[in-house]
């Protein structure tokens, strides 16, 4: 035992100095759980995560009651993207030692990474109650609260942290996000700039660029991107922002520069493929997608780019096996259903009409007059007034489907306004009618999820003006999507060219043969259109300079 202790002491000292080869020499021949565990830490810090994973697994087998081993194994699994193992090991560490702070914070970060906000809240609340001075725990709690839509409460928590001198980049960034949702744009920019200067990241870059863009602050937008294009860690996000702003060639130029410095990561090839799609270069898009598919066979963005490029070239039969694989792995993934529909249409399959039954699944409803109003016209006038303060921006977000318009920055269901809340109460009748009208049944991806109940999973407002439109898109995380018309321009009421109308079944990329829209619905104030989230949908531009205001939402089964 003395020999083991001496080896552990020497190995740990070498590990602390970063002398990993020396640490290995002291530890690798010692068949003891502590030596194996420490050697796992050595390999993790030396960058050999595969060896570290094997060593942590062996240590856990030898001593399943050691919370340190479970926690370190969990942290490595989280780093490697193995969410299931990470969660299991964090929870095992906490079952052994419920007060183990590292395991608590590790699990909290995992829940936040995977956007499980309610679970994160339930984890952090008692921890903060027990230790109200812990900055990391309070930050985690505030982050969960913000993402649950309790924006005012989250902003207060971030304010308190910063007043106490905790001005870390992450805290400033999250307060900036909260301030954006509260329409405090100038104050939000102060936080976002401070965060980006202190610790530049893809998150701060995207938030800053998007805000400058929506303000039409072209100089600040371009200055930010020109600088970030020269930072290797930010180049891919910079390229994607250029692409989203309507400059796919500039995106490709940035990626070409990045490739001269380092190997392009998978997301970079995905951006390149999408930029080629935007330029109508289907073969180049396919080549970019295939360039890293072997190394990243499960990357959803790359797979989506590959499918788009194949369908653009009329290669539906080649795309279909990939689509089937993705449909099996993610049966509720709305974008995979959309790709399947387009492939079936190109193949002339009868199954297309079963999947895309537009008369059955696309339905308009009159919104019942909300409580407290005499007519739907009275309500729409009040609703328009309630939405007006939330349409502060000059133009559309970078990462959304609208063009030449604005979108509210916050989930409207979280806004404490009686008129806005009256709208969401009034939706219950038509949503339930829609579920009854389309029915249930295992033979279709819409009806198979019909439980007879629902919840709103995102709600916003869009204001389109002269030239405004939605490019064709789907809602990947939805089930039922919608368009409620609050205000409709005169042009949309009788224009023969479908100005302002919503259209269905036309993909956002040109195909061979062409796949034009198959259904149009003319907008009318007071009408709610409901349809499956997997349907490609967009709108025709408005030309006369007047505005079209909608209040869309997504619903998912409850």
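Within segment 510-550, considering only strands (runs of 3 or more DSSP E) that don't extend past its boundaries, which have at least 1 residues that are more than 24 Å from residue 433 (Cβ to Cβ)?
Values: elements: 519-521, 527-532, 537-539, 548-550.
Output list reads 537-539, 548-550.
When you scan segment 268-292, how many residues do you find that are at pLDDT 90 or above and crowded, with 18+ Cβ neighbours inside 10 Å? Before you say what the answer is, go through the steps one by one.
Applying the first criterion (at pLDDT 90 or above) to segment 268-292 yields 268-290.
Imposing the further condition that a residue be crowded, with 18+ Cβ neighbours inside 10 Å reduces the set to 268-278, 281-282, 285-286, 288-289.
So the count comes out to 17.
Given the criteria out of contact with any helix residue (DSSP H, G or I) (no Cβ under 9 Å at 6 or more places or on another chain) and in a loop (DSSP other than H, G, I, E, B), does residue 506 qualify? Give the derivation first.
Working: out of contact with any helix residue (DSSP H, G or I) (no Cβ under 9 Å at 6 or more places or on another chain): yes; in a loop (DSSP other than H, G, I, E, B): yes.
Considered against the rule, which asks whether it is out of contact with any helix residue (DSSP H, G or I) (no Cβ under 9 Å at 6 or more places or on another chain) and in a loop (DSSP other than H, G, I, E, B), residue 506 comes out as yes.
With 18, 40, 11 as the choices, which residue is in the same structural domain as residue 64 (by TED's automatic domain parsing), in contact with a helix residue (DSSP H, G or I) (Cβ under 6 Å, 6 or more places away or on another chain) and at pLDDT 90 or above?
Values: 18 fails: in contact with a helix residue (DSSP H, G or I) (Cβ under 6 Å, 6 or more places away or on another chain); 11 fails: at pLDDT 90 or above.
The unique qualifying residue is 40.
Given the condition closer than 21 Å to residue 395 by Cα, touching a strand residue (DSSP E or B) at 6+ places or on another chain (Cβ under 6 Å) and in the same structural domain as residue 365 (by TED's automatic domain parsing), answer yes or no: does some residue in segment 521-536 qualify?
Just the residues of segment 521-536 that are closer than 21 Å to residue 395 by Cα, to begin with: none.
No, segment 521-536 has no match at all.
Going by what's in this entry, would residue 357 be described as free of Cβ contacts under 8 Å to residues at least 24 places away in the same chain, within 30 Å of residue 426 (Cα to Cα) and more than 23 Å from the chain's Cα centre (by Cα)?
Details: free of Cβ contacts under 8 Å to residues at least 24 places away in the same chain: yes; within 30 Å of residue 426 (Cα to Cα): yes; more than 23 Å from the chain's Cα centre (by Cα): yes.
Against the criterion (free of Cβ contacts under 8 Å to residues at least 24 places away in the same chain, within 30 Å of residue 426 (Cα to Cα) and more than 23 Å from the chain's Cα centre (by Cα)), residue 357 qualifies.
Please verify whether segment 274-282 includes one or more residues that are part of a helix (DSSP H, G or I) and more than 14 Å from residue 508 (Cα to Cα). Steps first, please.
Just the residues of segment 274-282 that are part of a helix (DSSP H, G or I), to begin with: 274-278, 282.
With more than 14 Å from residue 508 (Cα to Cα) added as a condition, the list becomes none.
Among the residues of segment 274-282, not one is part of a helix (DSSP H, G or I) and more than 14 Å from residue 508 (Cα to Cα), which makes the answer no.
So how many residues does segment 425-448 have that are within 25 Å of residue 148 (Cβ to Cβ) and surrounded by 16 or more Cβ atoms within 10 Å (Cβ to Cβ)?
Looking only at that region, the number is 3.
Would a scan of segment 486-496 turn up a residue that is in contact with a strand residue (DSSP E or B) (Cβ under 8 Å, 6 or more places away or on another chain), in a loop (DSSP other than H, G, I, E, B) and at pLDDT 95 or above? Spell out how you get there, then give the answer.
Quick first cut of segment 486-496, residues in contact with a strand residue (DSSP E or B) (Cβ under 8 Å, 6 or more places away or on another chain) only: 486-489, 492.
Filter once more, so that each one left must be in a loop (DSSP other than H, G, I, E, B): 488-489.
Subsequent filtering for residues that are at pLDDT 95 or above retains none.
No; the residues of segment 486-496 include none that is in contact with a strand residue (DSSP E or B) (Cβ under 8 Å, 6 or more places away or on another chain), in a loop (DSSP other than H, G, I, E, B) and at pLDDT 95 or above.
Any idea which residue in segment 435-465 is nearest to the chain's Cα centre (by Cα), counting only those that are in a helix (DSSP H, G or I) and closer than 27 Å to residue 326 by Cβ?
Pass one, segment 435-465, residues in a helix (DSSP H, G or I): 435-438, 447-449.
So of that shortlist, the ones also closer than 27 Å to residue 326 by Cβ come out as 435, 438, 447-449.
Details: 435: 26, 438: 28, 447: 25, 448: 24, 449: 22 Å.
Out of the qualifying residues, it is 449.
Is there a residue in segment 384-406 that is assigned by TED's automatic domain parsing to the domain that holds residue 549, within 25 Å of residue 543 (Cβ to Cβ), surrounded by fewer than 21 Cβ atoms within 10 Å (Cβ to Cβ) and modelled with pLDDT of 95 or more? Full working, then the answer.
From segment 384-406, those assigned by TED's automatic domain parsing to the domain that holds residue 549 are 384-406; that's our starting set.
Checking which are within 25 Å of residue 543 (Cβ to Cβ) leaves us with 384, 387-388, 391-398, 400-406.
So of that shortlist, the ones also surrounded by fewer than 21 Cβ atoms within 10 Å (Cβ to Cβ) come out as 384, 388, 391-392, 394-395, 397-398, 400-401, 403-404.
From the residues that got through so far, the ones that are modelled with pLDDT of 95 or more too are 384.
Scanning segment 384-406, I find at least one residue that is assigned by TED's automatic domain parsing to the domain that holds residue 549, within 25 Å of residue 543 (Cβ to Cβ), surrounded by fewer than 21 Cβ atoms within 10 Å (Cβ to Cβ) and modelled with pLDDT of 95 or more, so the answer is yes.
For residues in segment 470-482 being in a strand (DSSP E or B) and buried (at least 21 other Cβ atoms within 10 Å of the Cβ), which is modelled with the lowest pLDDT? Break it down stepwise before answering.
First, pick out the residues of segment 470-482 that are in a strand (DSSP E or B): 470, 473, 480-482.
This time we only want the ones that are buried (at least 21 other Cβ atoms within 10 Å of the Cβ), so: 470, 480-482.
On the way: 470: 70, 480: 98, 481: 98, 482: 98.
Among those residues, the one meeting the criterion is 470.
Wholly within segment 183-251, which helices (runs of 4 or more DSSP H) include no fewer than the required count, namely at least 3 residues that are touching a residue at least 40 places away in the same chain (Cβ under 8 Å), farther than 19 Å from residue 262 by Cβ and not assigned by TED's automatic domain parsing to the domain that holds residue 392? Spell out how you get there, then give the answer.
Numbers: elements: 185-198, 202-214, 218-228, 235-244.
Output list reads 202-214.
How many of the residues making up segment 216-242 are in contact with a helix residue (DSSP H, G or I) (Cβ under 7 Å, 6 or more places away or on another chain) and modelled with pLDDT under 95?
Kept after step one, since they are in contact with a helix residue (DSSP H, G or I) (Cβ under 7 Å, 6 or more places away or on another chain), are these residues of segment 216-242: 220-221, 224-225, 228-229, 232, 234-242.
The next check asks that each one be modelled with pLDDT under 95; those that pass are 232.
Here the count works out to 1.
Would you list the helices (runs of 4 or more DSSP H) that sit entirely within segment 293-377 and hold 1 or more residues that are surrounded by 18 or more Cβ atoms within 10 Å (Cβ to Cβ), out of contact with any helix residue (DSSP H, G or I) (no Cβ under 7 Å at 6 or more places or on another chain) and not assigned by TED's automatic domain parsing to the domain that holds residue 518? Write out each step before concluding.
Details: elements: 300-312, 316-329, 334-347, 351-355, 358-361.
The qualifying helices (runs of 4 or more DSSP H) are 334-347.
The values are calculated or read from the model by the stated rules, or taken from the named source; none is laboratory data. This structure is a prediction, so every number in the text was calculated from the model and none was measured. FYI the Cβ positions are ideal-geometry reconstructions off the backbone, even for glycines, and counts take in every protein chain you see.
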